[in-house]
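Worksheet for the structure shown next.
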Amino acid sequence: MDIRNSLNEIFREVFRDPTIEIYPEMTANDVRGWDSLNHITLIYAIEKKFCVSFTIQEVAVLKNVGDLLGLLKAKLPNAL
């Protein structure tokens, strides 16, 4: 499973924008509609897709998509 591509698809679905291309430095300020409610929706969609759980503390320290990718890879050590 290619984590980055799967994560990109989740972003496209959650934010209803087929043109989104995630990159490590991307933050909520870079995505139209990324507010607190959509942040929760995004995290839930990621947990569901990858069958992982994030703690509130893990999510609270995320600064950008790169941090999110790193956390996800740590939860899925055998993934690409």
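The values are calculated or read from the model by the stated rules, or taken from the named source; none is laboratory data. Treat the numbers as computed from the prediction; the structure is a model and nothing was measured. Every residue, glycine as well, gets a Cβ built from its backbone with ideal geometry; the counts of neighbours run over all protein chains shown.
In region 20-33 there is no residue matching the filter, namely being among the charged types (D, E, K, R) and either in contact with a Ser or Thr (Cβ under 9 Å, 6 or more places away or on another chain) or in contact (Cβ under 8 Å) with a residue 60 or more places away in the chain (or both). Applying the condition of being at pLDDT below 95 and loosely packed, with under 13 Cβ neighbours inside 10 Å to region 1-31 and asking which residue is nearest to the chain's Cα centre (by Cα) yields 2. Is there a residue in region 51-64 that is touching a residue at least 12 places away in the same chain (Cβ under 8 Å) and either in contact with a strand residue (DSSP E or B) (Cβ under 8 Å, 6 or more places away or on another chain) or not in a loop (DSSP other than H, G, I, E, B) (or both)? So far as region 51-64 goes, yes, one or more of its residues are touching a residue at least 12 places away in the same chain (Cβ under 8 Å) and either in contact with a strand residue (DSSP E or B) (Cβ under 8 Å, 6 or more places away or on another chain) or not in a loop (DSSP other than H, G, I, E, B) (or both).
Here is a yes/no grid of residues against (1) out of contact with any Ser or Thr (no Cβ under 7 Å at 6 or more places or on another chain); (2) among the β-branched types (Val, Ile, Thr); (3) under 17 Å from residue 24 (Cβ atoms):
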residue: 41; (1), (2), (3): yes, yes, no
residue: 56; (1), (2), (3): yes, yes, no
residue: 61; (1), (2), (3): yes, yes, yes
residue: 73; (1), (2), (3): yes, no, yes
residue: 76; (1), (2), (3): yes, no, no
